[in-house]
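Nothing in this text is a laboratory measurement; each read-out follows from the coordinates by a stated rule. Since the model is a prediction, treat every value here as computed from it, not as a measurement. No Cβ is skipped: glycine too gets one built from the backbone with ideal geometry, and neighbour counts run over all protein chains shown.
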Amino acid sequence: MSENLARQFLIREDITFLNHGSFGACPRPVFVAYQNWQLELERQPVEFLGRNLTEAMRQPRIALAAELGTIEDNIVGLTNATLGLNIVAQSLDLKPGDQILTTDHEYSALEKTWAYVCRRTGAEIVVVKVPLPLQTETQFTDAILAGMTERTRVLFLSHITSPTALLFPIERAIAEARRRGIWSVIDGAHTPGHIRLDLDRLGADFYAGNCHKWLMAPKGSAFLYARPDMQGLIRPLVISHGWTEASGRPGVLGAFGNSPFIDELEMQGTRDPAPWLTVSAALDYRRDNDWESVAAHCQALAQDTARRLAERTGLAPLSAPEFCAPQMVAMPIPDCDVAALKLALYDKYRIEIPVFRWQDRCIARLSVQGYNSRPQMDLLIDALTDLLALG
Ligand SMILES: Cc1ncc(COP(=O)(O)O)c(C=O)c1O
């Protein structure tokens, strides 16, 4: 990747930033568009928030829906995937004894969300262990299907997992859930801008994704998708101007003329809508800069780096390449003091990368984005070789 591309980001030059996965990073032109929205708001808040917002919020919905393989009515802009998934988890009508089926690779905040829902409803969580290394689609689907029972009401899966950076082949599990009348709720925090999405074809009942990670929109931009026949189940966590007495009745529109699904969730009191409004600029930036090619280059770099490190550690990857998130890879490292290693990588080498313990493994999770370079990968390999005494 060219130096030019790195200069288009605001990431500090003294840091080798290998953790795009946690919070993303916004290219300068997108960040400028974001600040322009904020300036426009400050110049006439009443016109912006009071008169024009509903229509303005619609534009990113149209642009993003086209990118996600759905229509604008099926998605609503929110601040983050956690919020979207909380809205779903707390909307579903669960009873004592109902089961929520999930995997042992889920993001900790969402594990807590479901634990909270279970505490309130008396439902229970059933965790399926996904076999590693993940080599075939069947291995995954069989494990999920084996966990389904008469009592399963919800299937909750990450599409791309956080601790293990795996791309789960979720299609058949979703189809089977639908056949059995189980709600499918998908955590797509890492997928928009990372893998091609076709939400209507995927067929999940609910899907939340972040725009502030791989789509490179500003922090605080995300969406919740719900299939048309599921939208009526959704209840807002915050009641505001978008709600009406008639909400929830068939055929009744929300207070701003959209569906209740959109109006009730979009309006949550005064908030900064600039991150969501900038989603269109992020999509334009990616198109104008041929981001598909950039991403393909990043994927090759990530896989190559993981292979080189594996040669030194002798540790097997967590999956076959096709089940690895394209621009992220969880690299197993020898057993070590993970906190000390993370600190040393930062203090001695200025490398920002998550290093953690997951189940019985130690993992360094590498993210590669357009601002990263091969020399940075060399530095990472050298640093890990030094600090883990792999030489
Ligand atoms: C799999 C997964 N789900 C959910 C989240 C939460 O994202 P956010 O904090 O933007 O809601 C993350 C964050 O990294 C994640 O990795």
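Karplus couplings for region 196-205 from phi (6.51 cos²θ - 1.76 cosθ + 1.60, θ = phi - 60°), rounded to Hz, Gly and Pro as x?
With the stated coefficients, region 196-205 comes to 6, 10, 9, 5, 5, 6, 4, x, 5, 6 Hz.
Per the helix-only calculation at 222 nm, which mean residue ellipticity applies to the chain, given -39500 (n - 2.57) for every DSSP H run of n ≥ 4 and division by its residues, nearest 500 deg cm²/dmol?
-12500 deg cm²/dmol
With a 10 Å cut-off between alpha carbons and a GNM built on the chain, which of Arg28, Arg43, Arg227 moves the most?
Maximum among the listed residues: Arg43.
Would you kindly derive the ³J(HN,Hα) couplings of region 188-193 from the backbone phi angles with the Karplus curve 6.51 cos²θ - 1.76 cosθ + 1.60 (θ = phi - 60°), listing them in order in whole Hz, with x for Gly and Pro?
Couplings: x, 3, 9, 8, x, x Hz.
Under the Karplus relation 6.51 cos²θ - 1.76 cosθ + 1.60, θ = phi - 60°, what is the ordered set of whole-Hz ³J(HN,Hα) values for region 151-158, x standing for Gly and Pro?
Values, residue by residue: 8, 5, 10, 10, 10, 10, 9, 6 Hz.
As a quick test, which of the pairs Lys129/Lys348; Lys129/Lys219; Lys112/Lys213 have an alpha carbon distance above 29 angstrom in this structure?
Values: Lys129/Lys348 37 Å; Lys129/Lys219 32 Å; Lys112/Lys213 22 Å.
Result: Lys129/Lys348; Lys129/Lys219 exceed 29 Å.
Once you charge only the Cβ atoms, +1 for Lys and Arg and -1 for Asp and Glu, what is the size of the charge dipole of region 29-285 about its Cα centre, to the nearest 20 debye? Before the final figure, lay out each step's value.
Values: 23 positive and 29 negative charges, 84 e Å.
Dipole magnitude for region 29-285 comes out near 400 debye.
Loop only by DSSP, 16 or fewer other Cβ within 10 Å of the Cβ. Give me the trypsin sites (Lys or Arg not before Pro) in region 316-391 that pass, ordered by residue number.
The qualifying sites are Arg350.
Before anything else, pin down the relative contact order of the chain: Cα pairs under 8 Å, at least 6 apart, normalised by residue count, whole percent.
With pairs under 8 Å counted, the relative contact order is 22 percent.
Take the chain, connect every pair of alpha-carbon atoms lying under 10 Å apart with a spring to form a Gaussian network, then pick out the residue of Asn210, Asn86, Asn36 with the largest mean-square fluctuation.
Among Asn210, Asn86, Asn36, the largest mean-square fluctuation in the Gaussian network model of the chain belongs to Asn36.
Hey, if you put +1 on the Cβ of every Lys and Arg and -1 on every Asp and Glu Cβ in the chain, which of Ala330, Gly147, Phe223 ends up farthest toward the positive end of that dipole?
Towards the positive end, the residue furthest out is Gly147.
Treating only the Cβ atoms of Lys and Arg (+1) and Asp and Glu (-1) as charged, compute the dipole magnitude of region 1-96 about its Cα centre; round to the nearest 20 debye. Kindly include the intermediate steps, with their values, before the conclusion.
On the way: 8 positive and 11 negative charges, 18 e Å.
The calculated dipole for region 1-96 is roughly 80 debye.
Could you tell me how far the Cα centroid of region 250-282 sits from the Cα centroid of region 349-391, in Å?
Cα centroid of region 349-391 versus Cα centroid of region 250-282: 40 Å apart.
Write out the trypsin sites (Lys or Arg not before Pro) in region 105-213 meeting two conditions: DSSP loop, and at most 11 other Cβ atoms within 10 Å of their Cβ. Walk me through the numbers on the way to the answer.
Working: sites: Lys112, Arg119, Arg120, Lys129, Arg151, Arg153, Arg172, Arg178, Arg179, Arg180, Arg196, Arg201, Lys213; in loops: Lys129, Arg151, Arg180, Arg196, Lys213.
Of the trypsin sites (Lys or Arg not before Pro), the ones in loops of region 105-213 whose Cβ has at most 11 other Cβ atoms within 10 Å are Lys129, Arg196.
Can you list residues from other chains, or at least 5 along the same chain, whose modelled amide H is less than 5 Å from the amide H of Ile333?
Placed amide hydrogens put Cys362, Ile363, Ala364 under 5 Å from Ile333.
Please arrange Leu253, Leu83 by how many other C-beta atoms lie within 10 Å of their C-beta, fewest to most.
Fewest to most other Cβ atoms nearby, the residues stand as Leu253, Leu83.
Please list, ordered by chain and number, the residues whose modelled amide H lies under 5 Å from the amide H of Glu124; skip anything fewer than 5 residues away on the same chain.
Amide H to amide H, under 5 Å and 5 or more residues apart or across chains, Glu124 pairs with Gly97, Asp98, Gln99, Ile100.
Please identify every one of the GluC sites (Glu not before Pro) in region 197-267 that sits in a loop by DSSP and has no more than 12 other beta carbons within 10 Å of its own beta carbon.
Within region 197-267, the qualifying GluC sites (Glu not before Pro) (loop, at most 12 other Cβ atoms within 10 Å) are Glu245.
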